[in-house]
Amino acid sequence: MTGVRYAIFFVPPRDGPLYKFGSSALGYDSYSGTEIASLSGDEFPDWRELTGEPRRYGFHATLKAPFQLQNECSEGDLLAQFLQFANCHAPPARFAATIRLFDGFAAVVPSVPVPALNILAASCVRDFDRFRGPMTAAERARRVAQPLTARQMIHLDSWGYPYVLDDFRFHMTLTGRLPPHLAIQGLKFLHRALKRQPVPCDVAVDTITLLRQAGPETAFRVIHSARLGDRIDPPSCAASRQRGAEATIG
């Protein structure tokens with residue numbers, strides 16, 4: 001399946017207020033795979049254009065960045081590992097979140113660092129990397145065109161994505177990169193929308209979600225969501241959790 005990519009994200013429950021707000025901000029529902037009414041309108045006519053890039057991914061936080069499968073791996077193999085992984089990892093405690101600018105775009109982020117989120121993401125990066133096919137030359141060129149630190153370059157070549165392990169920061173994107181003259185306006189627009197569509201300030205990352213992108217021009221769509229920590233006692237689970245904990249040191 002050339003061009004098909006998979007990703008492991010945290011996607012909030014589709015019926016919850018956080019997902020309803022985030023998906024309406026982007027104008028896309030990754031559960032149904034359909035575009036939906038967005039926040040754009042007379043108040044901010046450029047909104048749909050400013051959310052075009054993140055719309056293809058849906059409202060989410062990245063745990064394992066998009067990748068093509070190794071030739072010898074199947075979607076069924078990936079799904080089986082995904083379900084086992086979910087069983088073996090307890091969910092982080094609820095945490096307070098807020099909307100801030102994050103590297104030039106608006107995102108839902110933790111109010112203070114949450115180490116358990118870093119451990120969960122690091123475990124995803126390591127445990128699913130055996131399924132990841134090599135980057136194409138075009139993919140690598142696109143990444144290195146952005147300013148990356150020496151450590152991020154190592155991450156890119158080791159894990160296929162620069163913002164992992166020590167460089168991971170949990171965030172749920174609400175816009176594309178905002179021009180400086182629109183950044184504050186964009187934040188105010190989101191906070192006004194939040195008053196009309198209230199969302200609890202605490203977030204529970206108690207599920208993980210597997211998504212598929214059928215081709216470069218299509219959007220990611222949810223394949224399966226699994227609750228974390230349904231069965232965390234088997235010995236096989238301990239090794240997976242330890243790999244995640246070790247990956248955050250440095």
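Determine ³J(HN,Hα), in whole Hz, for all residues of the range 174-189 in sequence, where each value follows from phi through the Karplus function 6.51 cos²θ - 1.76 cosθ + 1.60 and θ = phi - 60°; x replaces Gly and Pro.
10, 8, x, 5, 8, x, x, 6, 10, 4, 5, 4, x, 4, 4, 4
So if each residue of separation counts as 0.36 nm, and I subtract the Cα-Cα distance between residue 130 and residue 181, what length gain in nm does that give?
Gain in length upon complete extension: 14.1 nm.
Step through the residues of the range 201-218 one at a time and calculate ³J(HN,Hα) from phi using the Karplus curve (6.51 cos²θ - 1.76 cosθ + 1.60, θ = phi - 60°), rounding each to whole Hz and writing x for Gly and Pro.
Here the 3J(HN,Hα) series is 7, 9, 10, 10, 8, 10, 9, 10, 9, 9, 10, 10, 10, 6, x, x, 9, 9 Hz.
Could you work out how much longer the chain between residue 112 and residue 75 gets when fully extended? Use 0.36 nm per residue separation minus the Cα distance between them, nm to one decimal.
9.7 nm
For the chain, set up a Gaussian network in which alpha carbons nearer than 10 Å are linked by springs, and say which option among 119, 184, 99 fluctuates the most.
In the Gaussian network model the winner is 184.
If the only charges are +1 at each Lys and Arg Cβ and -1 at each Asp and Glu Cβ, what is the size of the charge dipole of the chain around the Cα centre, to the nearest 20 debye?
With Lys and Arg at +1 and Asp and Glu at -1, about 280 debye.
Which of 200, 152, 210 sits closest to the plus end of the dipole of the chain, meaning its Cα is farthest towards the positive end, when Lys and Arg get +1 and Asp and Glu get -1 on the C-beta?
200
Mind checking which of 114, 136, 66 is farthest towards the positive end of the chain's charge dipole, using Cβ charges of +1 (Lys, Arg) and -1 (Asp, Glu) about the Cα centre?
114
Can you list the residues, at least 5 places off or on another chain, whose amide H is less than 5 Å from the amide H of residue 102, using H built in the peptide plane?
Result for residue 102 returns 107.
Ignoring the sites themselves, what is the longest stretch of the chain with no GluC sites (Glu not before Pro) in a DSSP loop and at most 13 other beta-carbon atoms within 10 Å?
In short, 73-216.
So which residue, out of 166, 77, 127, gets the largest mean-square fluctuation from a GNM of the chain using Cα contacts under 10 Å as springs?
Among 166, 77, 127, the largest mean-square fluctuation in the Gaussian network model of the chain belongs to 77.
Calculate one ³J(HN,Hα) per residue across the range 161-173 by plugging θ = phi - 60° into the Karplus curve 6.51 cos²θ - 1.76 cosθ + 1.60, and present them in order as whole Hz with x for glycine and proline.
Those phi angles translate into 7, x, 9, 10, 6, 4, 9, 7, 9, 5, 7, 10, 5 Hz.
Taking K and R as +1 and D and E as -1, what net charge do the other residues with C-beta under 12 Å from the C-beta of residue 94 add up to?
-2
Laboratory data are not the source of any read-out in this text; all were calculated from the coordinates shown. Model, not experiment: these values are computed from the prediction. Positions of Cβ are generated from backbone atoms using ideal geometry, with glycine treated the same way; all protein chains shown enter the neighbour counts.
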